[in-house]
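Here is the structure we will look at, set down as structure tokens.
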Amino acid sequence: MIYLRNENLTDDDMEIVVTHAIIKKQCKVLYLQNNKITARGASIIAAALKNNTRLETLNLCNNHVSDMGVKSLSETLSSQNSTLMLLDLGSNEITDLGAQYLAEMLKINQTLVFLRLSFNQIGNQGIQLLTNVVARQNTSLQELYINGNKLISDLSTDSLVQMLKYHRSLKTFYVDQCNLSKKCKRKLRQTVRWKLFFSIHT
């Protein structure tokens with residue numbers, strides 16, 4: 001377990017980080033939140049993960065990974081060799097394009113159980129792509145966080161309902177602090193009221 005949060009790390013530090021934490025130490029948990037990592041740093045991490053069969057948790061919350069960084073990570077996580085189970089990309093300037101890359105990845109990846117996308121700039125188009133894949137083509141995801149994405153509105157109600165209705169493994173869903181009406185939130189809660197041990201936050 002490697003903790004490197006709040007260290008002011010930049011892309012230039014990532015070669016050293018991946019060499020020691022991912023390649024040499026073969027760590028299972030890597031915390032990199034609250035740094036200054038951009039798409040270039042994310043691509044360095046993604047490249048290191050291609051031959052890694054140990055890392056299970058990657059926390060990149062509150063960096064500047066952006067859509068291009070998400071693309072690099074998604075391409076690597078589409079590999080059948082991926083062992084990553086928890087991915088935190090909260091507060092990383094991700095838009096609908098990044099959500100599209102993640103959706104494509106989730107069609108293939110059946111290892112990831114936790115995905116946090118809180119407080120990004122994902123809108124209705126991106127979240128509809130993502131939830132449609134989760135609903136029909138993914139069987140592993142158990143926790144999904146899209147809270148704090150202010151561009152998500154009632155236009156995504158049907159897609160959100162379909163995901164909650166059809167995805168069997170999902171147990172935790174955070175959608176609070178989005179731009180959803182009380183009517184939409186009520187509909188989402190009603191959709192999962194019969195599910196045992198399900199936690200929804202609207």
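Which value, in debye to the nearest 20, describes the size of the charge dipole of the chain about its Cα centre when Lys and Arg Cβ atoms bear +1, Asp and Glu Cβ atoms bear -1, and nothing else is charged?
1040 debye
Using just the alpha carbons, could you tell me how many Å³ per residue the convex hull of region 89-185 encloses?
Looking at region 89-185, the number lands at 76 Å³ per residue.
Mind telling me which of Ile108, Ile152, Ile16 comes out most flexible in a GNM of the chain, alpha-carbon contacts under 10 Å?
Highest fluctuation of the listed residues: Ile16.
Once you have the Cα-Cα distance between Thr57 and Tyr166, take 0.36 nm times their residue separation minus that, and quote the gain in nm to one decimal.
36.6 nm
Would you mind checking the pairs Lys25/Lys71; Lys28/Lys182; Lys150/Lys187; Lys24/Lys150; Lys28/Lys71; Lys50/Lys195 and listing those with alpha carbons more than 30 angstrom apart?
Lys28/Lys182; Lys24/Lys150; Lys50/Lys195
Any idea what angle helix 157-166 forms with the longest principal axis of the chain, computed on alpha-carbon atoms, 0 to 90 degrees, nearest 10?
Once rounded, one gets 80 degrees.
Could you identify which residue out of Arg186, Arg54, Arg168 has the top mean-square fluctuation in a GNM of the chain using Cα springs shorter than 10 Å?
Of Arg186, Arg54, Arg168, the most mobile in the Gaussian network model is Arg186.
What residue among Asn52, Asn62, Asn138 shows peak mean-square fluctuation when the chain is described by a Gaussian network model with Cα springs under 10 Å?
For the chain, modelled as a Gaussian network with Cα springs under 10 Å, the answer is Asn52.
Mind checking the angle between helix 182-191 and the chain's longest principal axis? C-alpha axes, 0 to 90 degrees, to the nearest 10.
Orientation of helix 182-191: about 80 degrees from the principal axis.
Place +1 on the Cβ of every Lys and Arg and -1 on the Cβ of every Asp and Glu in the chain, take the dipole about the Cα centre, and give the residue among Leu4, Ala103, Met163 whose Cα lies farthest towards its positive end.
Positive-end residue among those listed: Met163.
For the chain, max minus min Cα coordinate along each principal axis, in Å, sorted largest first?
So the three principal-axis extents are 50, 28, 25 Å.
Nearest 10 degrees is fine. How inclined is helix 39-49 to the longest principal axis of the chain, computing both from alpha carbons?
80 degrees
Hey, could you pull the Cα Rg and Dmax for region 144-184, both in Å?
10.2, 27
Which value, in debye to the nearest 20, describes the size of the charge dipole of region 90-161 about its Cα centre when Lys and Arg Cβ atoms bear +1, Asp and Glu Cβ atoms bear -1, and nothing else is charged?
It comes to approximately 120 debye.
Using unit Cβ charges (K, R positive; D, E negative) and no other charged atoms, how large, in debye to the nearest 20, is the dipole of region 1-87 about its Cα centre?
260 debye
Bear in mind these aren't lab numbers, they're just calculated from the coordinates by the rules spelled out. On a predicted model such as this, the values are computed, not experimentally measured, just so you know. So basically every Cβ, Gly included, is an ideal-geometry build from the backbone, and we count neighbours across all protein chains shown.
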